[in-house]
Amino acid sequence: MFVAGNWKMNKTVKETKDFFNEFNKLVSKTKNEILICPSFPCIPAAKQFASKKVFIGAQDAFFEEKGEFTGKVSFLQLKDFCDFVLLGHSDQRHKFSESNQSINKKIKTALKFNFNVILCVGETLEEKEEEKTNLVLSEQLSDSLKGIFFNSKLFVAYEPVWVIGTGKTAKQNDVFEAHSFIRSQLTELFGEKANSTKILYGGSVKPENCKEIFSIKNVDGVLVGGASLNPKTFAQIANTAK
Ligand code: PEP
């Protein structure tokens with residue numbers, strides 16, 4: 001299983017160091033792959049203090065390489081520190097109005113710089129209630145991946161927006177259906193090779209529910225927000241076998 005943590009806008013450099021001092025020991029025997037995405041100022045400290053078992057990634061980056069883009073960080077600048085990036089997270093889509101077109105440009109630049117990309121997709125509560133989940137997922141995938149060929153560095157994370165940060169979990173069948181649908185869309189875009197694309201589930205994943213989530217077909221791992229901030233709870237998830 002691939003277990004990714006998104007720290008969002010949390011933790012200082014000292015807190016990052018303290019986290020890894022505890023976390024490294026707790027996950028020394030895990031067979032799962034682990035990724036942690038801190039915010040930009042903590043990425044160098046995470047790289048320094050995380051054990052070699054843990055991949056480090058960014059939560060976003062801009063599609064231009066350099067220039068007059070105040071406040072932005074490029075993949076060229078990030079590449080000395082990490083080789084994973086989350087793109088299209090629902091915070092970016094819904095709090096900062098990010099479009100699929102912008103995400104598409106970012107994915108192209110990220111792959112050009114050899115980053116592993118976790119493309120996040122998912123419907124809002126309103127879209128779910130209007131039974132538009134598949135429509136939203138298919139639009140987000142086809143528009144974000146326009147002009148992109150199969151790449152083994154591309155992951156997809158299904159994160160229903162109505163579950164993220166709420167403590168609620170999506171029903172097992174909702175996760176099963178969304179992941180099957182995403183797999184079929186990826187196969188339409190990339191052919192049979194898409195069977196190997198990792199599809200992660202994200203939305204209030206905790207030590208108590210991760211085993212059940214791991215057992216769902218087409219779930220290749222999880223993307224964890226809140227529960228990744230505590231070394232003990234995140235280690236419990238990272239140590240859970242399928
Ligand atoms: C996330 O922000 O990607 C996420 C899944 O958050 P949480 O686990 O807190 O719902």
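The values are calculated or read from the model by the stated rules, or taken from the named source; none is laboratory data. Here the structure is a predicted model, which is why all the values come from computation and not from measurement. For neighbour counting, all protein chains shown are included, and Cβ atoms are generated from backbone atoms with ideal geometry for every residue, glycine included. Note: areas computed on protein heavy atoms with side chains; ligands, DNA, RNA excluded. Shrake-Rupley method; radii C 1.70, N 1.55, O 1.52, S 1.80 Å.
Structural remarks
- Selected residue (only one of Phe150, Phe214, Phe190, Phe181 is touching a Leu at 6+ places or on another chain (Cβ under 7 Å) and aromatic (Phe, Trp, Tyr)): Phe181
- Residue check, Val163 within 19 Å of the chain's Cα centre (by Cα), under 30 Å from Asn114 (Cβ atoms), within 16 Å of the ligand (Cβ to nearest atom) and not in a helix (DSSP H, G or I): no
- Among (1) farther than 24 Å from Asn116 by Cβ; (2) assigned to a loop (DSSP other than H, G, I, E, B); (3) of a type in the set (S, T, N, Q), the one test that Asn134 misses: (2)
- Residues being surrounded by 14 or more Cβ atoms within 10 Å (Cβ to Cβ) and part of a loop (DSSP other than H, G, I, E, B) - total across segment 63-84: 8
- Looking across segment 206-226, just one residue is within 11 Å of the ligand (Cβ to nearest atom) and farther than 20 Å from Val156 by Cα, and that is Asn209.
- Residue within segment 128-146 that is open to solvent by less than 70 Å² (accessible area, probe 1.4 Å), within 16 Å of the chain's Cα centre (by Cα), closer than 15 Å to Leu200 by Cβ and not polar (S, T, N, Q) present: yes
- Identity of the residue in segment 110-122, more than 14 Å from the ligand (Cβ to nearest atom) and closer than 21 Å to Asn6 by Cα, that ends up most open to solvent (accessible area, probe 1.4 Å): Asn114
- For the criterion of being more than 16 Å from the ligand (Cβ to nearest atom) and in contact (Cβ under 8 Å) with a residue 40 or more places away in the chain, Ala235 fails.
- Boolean, Lys29 is free of Cβ contacts under 8 Å to residues at least 12 places away in the same chain and assigned to a loop (DSSP other than H, G, I, E, B): no
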